[in-house]
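Have a look at the structure below before the remarks.
Each value in this text was obtained by applying a stated rule to the coordinates, not by laboratory testing. All figures in this text were calculated on a predicted structure; none of them were measured in a lab. Here Cβ is always computed from backbone atoms with ideal geometry, including for glycine, and neighbour counts include all displayed protein chains.
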Amino acid sequence: AQRVTQPEKLLSVFKGAPVELKCNYSYSGSPELFWYVQYSRQRLQLLLRHISRESIKGFTADLNKGETSFHLKKPFAQEEDSAMYYCALTGGNQGGKLIFGQGTELSVKP
Amino acid sequence: DGGITQSPKYLFRKEGQNVTLSCEQNLNHDAMYWYRQDPGQGLRLIYYSQIVNDFQKGDIAEGYSVSREKKESFPLTVTSAQKNPTAFYLCASSSDRAQPQHFGDGTRLSIL
């Protein structure tokens with residue numbers, strides 16, 4: 001079955017600490033992985049996608065096919081990073097539809 | 001900002017009533033999607049459309065219906081058959097299946 005799992009419902013860190021939001025997936029083909037973010041009172045927006053291999057707002061994510069993971073990392077968390085983060089995947093036979101994880105709320109404390 | 005506009009922002013439904021949520025995009029995107037967001041469950045796909053006059057069921061289509069008569073519009077009707085309609089509904093679009101989706105602000109539906 002195709003599935004995205006985000007094991008942490010809430011992740012709380014202090015400003016300046018490293019942060020890692022976990023994402024594991026189950027997919028039979030070659031998926032494309034995304035991280036979407038929803039800041040307070042804003043719409044859901046794309047943060048990054050694995051094929052871009054870029055760093056956005058200091059965040060990076062590496063696709064590990066062996067461990068079927070796509071964890072989101074940032075070495076030094078900022079208060080403005082506090083938001084809801086969703087991991088999602090799509091595949092060649094998905095018609096573009098996204099399969100989302102349950103989401104992780106990141107809270108960065110001063 | 002523009003892109004995808006969902007209306008209304010809040011909607012209330014009486015028992016046995018059908019309600020329609022509007023989704024309009026000016027991005028010239030071919031594909032459009034409807035998701036339902038419940039606390040602790042992430043987003044689940046209701047219906048999607050890759051082209052005008054064509055749409056497919058998602059994972060939780062029961063109790064919902066859609067139409068795609070125009071490229072820019074993809075309205076969602078929550079019918080009386082949907083027994084648990086209270087949720088936050090998000091509409092999205094993308095230029096094609098390989099491109100990231102752009103989301104609207106959402107509509108929160110509640111039962112009176």
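With a Cα-only, solvent-free Debye model of the protein assembly as shown, what are the log10 I(q)/I(0) values at q = 0.15, 0.18 Å⁻¹?
The Debye formula, applied to the Cα set alone, gives -0.99, -1.33.
Over the residues of chain B, compute the C-alpha Rg and express it relative to 2.2 N^0.38 Å.
0.99
Would you calculate the convex hull of the Cα atoms in the stretch B:1-49 and tell me its volume per residue in Å³?
Spelled out: Cα convex hull of the stretch B:1-49, divided by residues, is 120 Å³.
Take B:62, B:15 and order them by how many other Cβ atoms sit within 10 Å, fewest up front.
B:15, B:62
If I model a spin label as a point 7 Å beyond the Cα along the Cα-Cβ vector, how far apart are those points for residue A:5 and residue A:105 in nm?
2.3 nm
Give the Debye-formula value of log10 I(q)/I(0) at each listed q (0.17, 0.20, 0.24, 0.25 Å⁻¹), with one equal scatterer per alpha carbon of the stretch A:1-55, two decimals each.
-0.76, -1.02, -1.26, -1.28
What is the Å³ per residue value for the convex hull set by the Cα atoms of the stretch A:3-109?
93 Å³
For chain A, set up a Gaussian network in which alpha carbons nearer than 10 Å are linked by springs, and say which option among A:86, A:36, A:25 fluctuates the most.
Taking springs between Cα atoms under 10 Å, the residue moving most is A:36.
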